[in-house]
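Student: Got a structure for you, written out below as structure tokens; questions coming shortly.
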Amino acid sequence: MLDFSIEPEFQAKLDWAAAFVRAEVEPLDLLFPHGGDPYDTRNEKARAIVKPLQKQVRAQGLWACHLGPELGGPGYGQVKLAYLNEILGRSYWAPTVFGTAAPDTGNAEILAMFGTEEQKARYLQPLLDGDIVSTFSMTEPQGGADPKEFVCRAWREADEWVIDGEKWFSSNARYAEFLIVMAVTDPDAPPHRRMSMFVVPAETPGIEIKRNVGTMDERESLDEGIHAYLRYHQVRVPLDAMLGGPGDGFKVAQARLGGGRVHHAMRSVGKCARAFDMMCERALSRRTQGTPLAEKQAVQQFIADSWIELQQFRLLVLNTAWIIDTQPHGAARTQIAMCKVAMAKVLHDVIQRALHLHGSLGTTGELPLAHWWMAVPNLALADGPTEVHRTTIAKQVLKNHRPAEGLFPSEHIPPRLEAARKRYAHIINDSALSGRVNA
Ligand SMILES: Cc1cc2nc3c(=O)[nH]c(=O)nc-3n(C[C@H](O)[C@H](O)[C@H](O)COP(=O)(O)OP(=O)(O)OC[C@H]3O[C@@H](n4cnc5c(N)ncnc54)[C@H](O)[C@@H]3O)c2cc1C
């Protein structure tokens, strides 16, 4: 039985979170609006505001809700997390204030699963405490959607691994305390066994940030963004810097990417709902040709379509969360890919309509809509492009289907009609009964 219900005690926590994010956290979005601001642990003014807020979140038992108790989180499960993340998705800063900011969430999971005790003490605890940030360094300049194209190498020399090559879009590297790097350790192995994962301290000699690339929504100049174009110049790390075994790079990456994708989708529900609320307010407030916009049929269609799409998406995300909570690891793979694909489309369509209904004002920096709209393409690319996830969905779904046995499809009507006639021959051939039958 599908069950997305939550008990009143947790609803009370959600109510607290909603009021808290609106009153205390959303102001941070206005005071510190740049892409990297939540990750810049050296910004003392921002930290002086954030630290006490994080304390309040902990006191409510809402800190790092993606984590189980073994890692210091409450372990509420994904359905509850989905409801909370909807609230956090309304604000850029909220994930940082609630200890659920990507990519640190996924990196923490990797360290927890594959790190040594020393690595956990040095990096995992401060990461979970929100005192440091980290980077996931996988994509390469010549290819991101297909990791089989990666060429950044790592080889063993005596008691060290040596990493050499380039990485592209390693988000937050300029603020990171450590990087998790995927590199080819065995070029001749089968495609999914060629790579391994390493944890690399940021101060290790040989790491060069060639450029800090900015996306259009980050309001940064060309080379002052947060996505590092990196060069690893024969960077040396000890043998235990490898996370998992040699050739386990794909396995380790998958351990983090599924969670990251569904958490983005949960937050996107909240952002979409906020854009939708703005659309409705505008429709009721703005008048043209004698009536509010809300009375124009075209505007009503905008609102109806947006509401349908938002509700469908929300149910998809909740259903995915419920599958993760109730079924074995990996059972939600197709659902997660569905969330990933749907997220970019629904956000695009709803934000576009909301922006459009605000007219010229919608296109400006005086409302958040244009900024959100510029971030939509990121969601269709980060953690893998839409096309790749569609392929995953189709492949999984097709496993439940078989080719037709003969020349014609199994739904071909002539043989089915023939079979139907045979099945009920005793009735349709009974001349004592009246009635017309498909001849
Ligand atoms: C905001 C943001 C943050 C990111 N952060 C990180 C990070 O922290 N660490 C990291 O390692 N990477 C990060 N990335 C990179 C991200 O993972 C890649 O952008 C993504 O994997 C796609 O790779 P690419 O950009 O090289 O695009 P490409 O691989 O060049 O793909 C370009 C386009 O080709 C098409 N295409 C590709 N493959 C297929 C296919 N199989 N079938 C049909 N069409 C296809 C799609 O239209 C796709 O959009 C980030 C990206 C963004 C936008």
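Student: Restricting to segment 295-319, count the residues that are surrounded by fewer than 19 Cβ atoms within 10 Å (Cβ to Cβ) and small (Gly, Ala, Ser).
Tutor: Total satisfying the criteria: 2.
Student: Which residue is farthest from residue 332 (Cα to Cα), if the candidates are limited to segment 373-422 and must be among the acidic types (Asp, Glu) and within 16 Å of the ligand (Cβ to nearest atom)?
Tutor: Restricting to residues being among the acidic types (Asp, Glu) and within 16 Å of the ligand (Cβ to nearest atom), the top hit is 387.
Student: Right, next: If I go through segment 34-57 residue by residue, how many of them are in contact (Cβ under 8 Å) with a residue 40 or more places away in the chain, within 19 Å of residue 20 (Cα to Cα) and not polar (S, T, N, Q)?
Tutor: Within segment 34-57, residues that are in contact (Cβ under 8 Å) with a residue 40 or more places away in the chain, within 19 Å of residue 20 (Cα to Cα) and not polar (S, T, N, Q) number 4.
Student: Checking residue 237 against (1) within 27 Å of the chain's Cα centre (by Cα); (2) more than 16 Å from the ligand (Cβ to nearest atom): exactly one of these is not met. Which one?
Tutor: Condition not satisfied by residue 237: (1).
Student: Could you check how many residues of segment 325-370 are within 21 Å of residue 260 (Cβ to Cβ) and not hydrophobic (A, V, I, L, M, F, W, C)?
Tutor: Total meeting the criteria: 12.
Student: Taking the condition under 23 Å from the mean Cα position of the chain (by Cα) and either among the aliphatic types (A, V, I, L, M) or within 9 Å of the ligand (Cβ to nearest atom) (or both), does residue 154 pass?
Tutor: The answer is no for residue 154.
Student: Would you say residue 219 is within 24 Å of residue 346 (Cα to Cα), out of contact with any strand residue (DSSP E or B) (no Cβ under 9 Å at 6 or more places or on another chain) and modelled with pLDDT under 95?
Tutor: yes
Student: Applying the selection to segment 259-308, what residues are out of contact with any His (no Cβ under 9 Å at 6 or more places or on another chain) and under 17 Å from residue 336 (Cα atoms)?
Tutor: Hits for segment 259-308 are 260, 262, 264, 265, 266, 267, 268, 269.
Student: Looking only at segment 220-237, decide whether some residue is part of a strand (DSSP E or B) and not assigned by TED's automatic domain parsing to the domain that holds residue 187.
Tutor: no
Student: Moving on. Do we find that residue 136 is crowded, with 21+ Cβ neighbours inside 10 Å, farther than 21 Å from residue 170 by Cβ and either within 16 Å of the ligand (Cβ to nearest atom) or not β-branched (Val, Ile, Thr) (or both) in this structure? Step through it out loud before you land on a result.
Tutor: Details: crowded, with 21+ Cβ neighbours inside 10 Å: yes; farther than 21 Å from residue 170 by Cβ: no; either within 16 Å of the ligand (Cβ to nearest atom) or not β-branched (Val, Ile, Thr) (or both): yes.
No, not satisfied.
The values are calculated or read from the model by the stated rules, or taken from the named source; none is laboratory data. Everything numeric in this text was worked out from a predicted model, so none of it was measured. For neighbour counting, all protein chains shown are included, and Cβ atoms are generated from backbone atoms with ideal geometry for every residue, glycine included.
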